[in-house]
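Report on one structure; see the data block that follows.
Every number here is computed from the coordinates shown, using simple stated rules; none is lab data. Here the structure is a predicted model, which is why all the values come from computation and not from measurement. Reconstructed Cβ throughout: ideal geometry from the backbone, glycine too, with neighbour counts over all protein chains shown.
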Amino acid sequence: MDTYENLLAGNKRWVKEKLSQDPQFFERLAKGQSPKVLWIGCSDSRVPANEITGTNPGEVFVHRNIANMVVHSDMNLLSVLDYAVNILQVEHVIVCGHYGCGGVKAAMTSEQYGLVDNWLRHTKDVYRLHNQELDAIADEDKRLNRFVELNVIEQVFDLSKTSIIQNAWHNRNEPIVHGWVYDLRTGIIQDLDVSLHSKSKLPPIYNVSGKVVAGEDM
Ligand SMILES: [Zn+2]
């Protein structure tokens, strides 16, 4: 059986298993979703949000892209974030990076990989912000691991700079924005302890006032 057919056969096995544990599983899920968590992770096939957190369909709203970036002009990310925060009213937003990330590693080099180089320029900006600390780490693997962590931390800040998150904090003191790193070698997730639920740690230039200004000056 080839890979393609394996996927369909795997789906049949999965449906059977779920129904044997809970005959109403799909019926219930079909009625709607109310996940409490938005996950922003890497597209890497080894970091599936539900599986590594032991959660079921319906529990985590997911956005993934290469190197788990929060890019302010990315309509996909912004639409997912706005829907999750304002319609689903999630309580937590988690940025989860992973050690050994190929995207972050590529951002450390001057190699060309094609179109993705443009995407990873945002990741290079993170390196530039922290180049003193990163350049001082001689071991390349250790430098990459630290870059992965710093990239997650910057994405947590980038989420917090959005009007979507700041308006939600103003209106309902949620969601809490977290930064995690997954270790491919152990399967363990580490909480980087950089959670934010107010703009107090943001430079004032990023503060968003509580209302939209009517005017034509922009
Ligand atoms: Zn990755």
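Before moving on, here are some points about what is shown:
- For the range 99-218, the relative contact order works out to 22 percent when only alpha carbon pairs closer than 8 Å and six or more residues apart are counted.
- Couplings for the range 48-61, taken from phi via the Karplus curve 6.51 cos²θ - 1.76 cosθ + 1.60 with θ = phi - 60°, read x, 3, 5, 4, 6, 10, x, 10, 9, x, x, 9, 9, 7 Hz in order; Gly and Pro are left as x.
- Each Lys or Arg adds one and each Asp or Glu takes one away; over the other residues whose Cβ falls under 12 Å from the Cβ of VAL90, this sums to -2.
- Here's how it looks for ILE94: its modeled amide H is under 5 Å from those of LEU38, TRP39, ILE40, HIS178, which are all 5 or more places away or on a different chain.
- For the range 65-162, applying the loop criterion from DSSP together with a ceiling of 16 other beta carbons within 10 Å to the chymotrypsin sites (Phe, Trp or Tyr not before Pro) yields TYR113.
- Taking amide hydrogens as placed 1.01 Å from N in the peptide plane, the amide H of ILE66 sits under 5 Å from those of SER43, each at least 5 positions away in sequence or on another chain.
- Relative to the Cα centre, the charge distribution of the chain, modelled as +1 at Lys and Arg Cβ and -1 at Asp and Glu Cβ, gives a dipole magnitude of about 440 debye.
- Proximal charge balance of ILE52 [Cβ under 14 Å; K/R count +1, D/E count -1]: -2
- Relative contact order, whole percent, for the chain stands at 19, derived from Cα pairs under 8 Å and 6 or more residues apart.
- Share of pairwise Cα separations in the range 87-174, more than 22 Å, in percent: 37 percent
- Hydrodynamic radius by Kirkwood, which averages 1/r over all alpha carbon pairs of the range 1-143, in angstrom: 17.9 Å
- With contacts taken as Cα pairs under 8 Å at a separation of at least 6 residues, the range 158-218 carries a relative contact order of 35 percent.
- Whether the range 139-217 is rounded, prolate or oblate, judged on the alpha carbon gyration tensor where a/c under 1.5 counts as rounded: prolate
- Lysine pair count for the range 5-120 with Cα-Cα distance under 24 Å and sequence separation of 8 or more or different chains is 4.
- Between the range 74-108 and the range 129-180, the C-alpha centres lie 11 angstrom from each other.
- Paramagnetic label zone (point 7 Å from Cα along Cα-to-C-beta, ILE176; backbone N under 20 Å) in the range 185-218: 189-202
- The H on the amide N of ASP74, modeled in the peptide plane, is under 5 Å from the matching H of no residue at least 5 residues off or on a different chain.
- Remark: spin-label model distance ASP191-TYR83 equals 2.8 nm, labels positioned 7 Å along the Cα→Cβ axis.
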